[in-house]
1. Checking the structure you have, find out if any residue of region 11-32 is in contact (Cβ under 8 Å) with a residue 12 or more places away in the chain, out of contact with any strand residue (DSSP E or B) (no Cβ under 8 Å at 6 or more places or on another chain) and either outside any helix (DSSP H, G or I) or surrounded by 17 or more Cβ atoms within 10 Å (Cβ to Cβ) (or both).
2. Suppose we filter region 101-160 for residues that are outside any helix (DSSP H, G or I) and within 16 Å of the chain's Cα centre (by Cα); how many remain?
3. For residue 149, only one of the following conditions fails: (1) in the same structural domain as residue 35 (by TED's automatic domain parsing); (2) under 25 Å from residue 55 (Cα atoms); (3) out of contact with any helix residue (DSSP H, G or I) (no Cβ under 6 Å at 6 or more places or on another chain). What is its number?
4. Scan (1) farther than 26 Å from residue 144 by Cβ; (2) at pLDDT 90 or above for the single condition residue 1 breaks and write down its number.
């Protein structure tokens, strides 16, 4: 008699989780904020802006590494930010061949505004949730982020390379 192996929980959960994650990120993305809409920001542009601010001044190779992108793609994203007057390019005084990026005043203000607007949206949602629902959400998101950034037991590198955040993600009460 043949026995069937139970389906691992992650296989069953994946089909339930992915649509929920897609739906949530669609509604919580930078494109949903007034500032994001006004400036034509995407989540990718916002991550690049945050990376430039975190590394100021930021070289193109630093930006590519921080975003885990090929250099040509990082250069294109940087150009989009320059076009929107969110970052500016300038020459490295120590190496004239090297181009650096720094945020403009508008870039810093945009990052702050988008974070504030997103926080207001999430705050309004949390007010409607019970304390237990909020705690369950925090526990689940922290576990998800921990596993996203941690190498697998077999030594497989983390799903997301090491990078800097401009916000706390783990262990924050």
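1. For region 11-32, residues in contact (Cβ under 8 Å) with a residue 12 or more places away in the chain, out of contact with any strand residue (DSSP E or B) (no Cβ under 8 Å at 6 or more places or on another chain) and either outside any helix (DSSP H, G or I) or surrounded by 17 or more Cβ atoms within 10 Å (Cβ to Cβ) (or both): present.
2. 3
3. (1) is the only condition that residue 149 fails.
4. (2)
The values are calculated or read from the model by the stated rules, or taken from the named source; none is laboratory data. Note that the structure is a prediction, hence the values are computed from the model and not measured. Cβ atoms come from the backbone with ideal geometry, glycine included; neighbour counts cover every protein chain shown.
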